[in-house]
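What follows is a short report on a single structure.
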Amino acid sequence: MPTGGQRSNCAPGLTIQAKSVYNCLELHVNRADDRLLDQSEANPPSFRGRIAQAQLRELYDLWLAHSSDTAVMPRSALDPVAMPSLLKNLILADVGAGGRDISYRLVGTEIVEAHGFDYTGWNIERLTSGSTLAFTQRLYGMVVSRAVPVYSEGHFRWRDKEFHWVKRLHLPLSRDADGRVDMVLAGQYFETEYGEEELLLPARPEQLAADRRGLIASR
């Protein structure tokens, strides 16, 4: 029987005692690469229309209002006062190496509760490994390399517990407002019902431009 000081194989840095809380979060990534596709070619003109979660659409609108066709949202425009209802479901991360290096600066309370522990201050290798690590780096890599939002949906589970569904929106930020993506803001919402299909959808520039025009016209 393992003792509390031993390490868990499912999350480097967690003791076996912590594992009982963490329960080895696993994303179900389709190994065919790519029925979990970059499905942007099939997207309708509005990227906003593909975001199937009201609070994530609100987060997207906030990002859209502080970005432009040539520059992502600067970190300085991120004002917690402007989005109090969203904070508990947000992650703020520093990114480097094209999205492979991910360090979590802030993890919202709803996400902490879902995982059972606070991983603020951790890097991605400490949090997870294997296919989940590869998927997360791929997702962040899209946000960084393309400098566009990415919407995703998929299964996740805690070991020995039922499956759940998660909807996520990852948004590029620039710390120095120089256009370089070195931070990512993410919203995550957990649901008990299955979704229809796993998705990984990067926005296209023309979709962002159309959504931005729509946002301006609605004001």
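Structural remarks
- Percent of alpha-carbon pairs separated by more than 16 Å within the range 81-130: 44 percent
- The range 61-103, accessible surface, carbon-and-sulfur percent (1.4 angstrom probe): 54 percent
- Taking all protein chains as shown and a probe of 1.4 angstrom, Glu113 keeps an accessible surface of around 140 Å².
- When the Cα convex hull of the range 62-188 is projected onto planes of every orientation, the mean area is 7.7 nm².
- Efficiency of FRET from Cβ geometry, Ala65 and Arg204, R₀ 25 Å, rounded to 0.05: 0.85
- Across all Cα atoms of the range 41-106, the radius of gyration (one decimal) and Dmax (whole number) stand at 13.6, 36 Å.
- Accessible area of the range 71-219 divided out per residue, in Å², using a probe of 1.4 angstrom: 45 Å²
The values are calculated or read from the model by the stated rules, or taken from the named source; none is laboratory data. Just so we're clear, the structure is a prediction, and the values are computed from it rather than from any experiment. Please note: Cβ atoms are built from the backbone with ideal geometry, for glycine as well, and neighbour counts cover all protein chains shown. Note: areas computed on protein heavy atoms with side chains; ligands, DNA, RNA excluded. Shrake-Rupley method; radii C 1.70, N 1.55, O 1.52, S 1.80 Å.
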